[in-house]
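The values are calculated or read from the model by the stated rules, or taken from the named source; none is laboratory data. Keep in mind it's a predicted model, so treat the numbers as computed, not measured. For neighbour counting, all protein chains shown are included, and Cβ atoms are generated from backbone atoms with ideal geometry for every residue, glycine included. Quick note on the areas: whole protein, heavy atoms, side chains included, nothing else; ligands and nucleic acids left out. Shrake-Rupley method; radii C 1.70, N 1.55, O 1.52, S 1.80 Å.
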Amino acid sequence: MTTDTITGTGAGTTQPREDVVEVLLAQHERIRRLFADVRDARGEHRQQAFDELRALLAVHETGEEMVVRPAAKRAAGEPEAAARNAEEAEANRALLELEKLDVTSAEFDARLIDFQQAVEAHAQHEETEEFPALRAAYDVEQRRTMGRRLLAAERLAPTHPHPGTAGKPALQWTVGPFASLLDRAKDAFTQHRD
């Protein structure tokens, strides 16, 4: 799986003019579709769909923490930014637990439902509280600049959950690139082993 596949920046996709809010909304929609794909898939396809979902969530949340959250802190306030970071830290722990489970197990199914509900609630908070504040506080060009920074951060982000850095933008900047190298090597090894 390539970084472009994870972040949705390949030749077959169109980026919504790089506006950070539009990029994130498009990724939220892709995450929703991937949840449905994981729920409906069977066999090897289910594992592949989960791997894609896991990678997208990992890079998406890292990018938000590194680029969006500092801007949201200024636009929507410290409590809003802190609440979203706390949700992302919890999601990271839940994703790590899901990653350890057999995707064909009943426990995976039950935890996936709970996890999807938490991710949906988090996305809803962003879409109704954080994103409107970003649109009000930053003009289109500033949001495009943030969008380009977000996509660049996602290209360097880890593809697996790392709860120790989740919700901590400073750690994401320092530890994230090293974790990313290890994750991407692990992904390549796993892909070629199968």
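Enumerate the calculated ³J(HN,Hα) couplings along segment 137-149 in order (Karplus 6.51 cos²θ - 1.76 cosθ + 1.60, θ = phi - 60°), each rounded to whole Hz, writing x wherever the residue is Gly or Pro.
8, 10, 6, 4, 5, 5, 5, 5, 4, 4, x, 5, 5
Determine the share of segment 34-73's accessible area contributed by carbon and sulfur atoms, expressed in whole percent, with a 1.4 angstrom probe.
The value for segment 34-73 is 46 percent carbon and sulfur by accessible area.
Would you please put 151-161, 137-147 in order of how densely packed they are, using the mean number of other Cβ atoms within 10 angstrom per residue and starting with the highest?
Listed from highest to lowest mean packing, they are 151-161, 137-147.
Taking the mean number of other Cβ atoms within 10 Å as a proxy for protection, how do you rank 39-46, 119-126 from highest to lowest?
Taking the mean over residues of other Cβ atoms within 10 Å, the ranking is 119-126, 39-46.
Treat each spin label as a single point 7 Å out from the Cα along the C-beta direction, and report the Arg135 to Asp109 distance in nm.
Simple spin-label model gives 3.9 nm for this pair.
Per residue of segment 108-120, what does 6.51 cos²θ - 1.76 cosθ + 1.60 with θ = phi - 60° give for ³J(HN,Hα)? Whole Hz please, x for Gly and Pro, Karplus curve as stated.
Going residue by residue, I get 4, 4, 5, 5, 4, 4, 4, 5, 4, 4, 5, 5, 4 Hz, with x marking Gly and Pro.
State whether segment 39-149 is rounded, prolate or oblate according to the following rule on the C-alpha gyration tensor (a ≥ b ≥ c being the square roots of its eigenvalues): a/c under 1.5 gives rounded; otherwise a/b larger than b/c gives prolate, and the remaining case gives oblate.
Verdict is prolate for segment 39-149.
What's the extension gain from Glu120 to Ala86 if we count 0.36 nm per residue and subtract their Cα-Cα distance?
Stretched fully, the Glu120-Ala86 segment lengthens by 10.8 nm.
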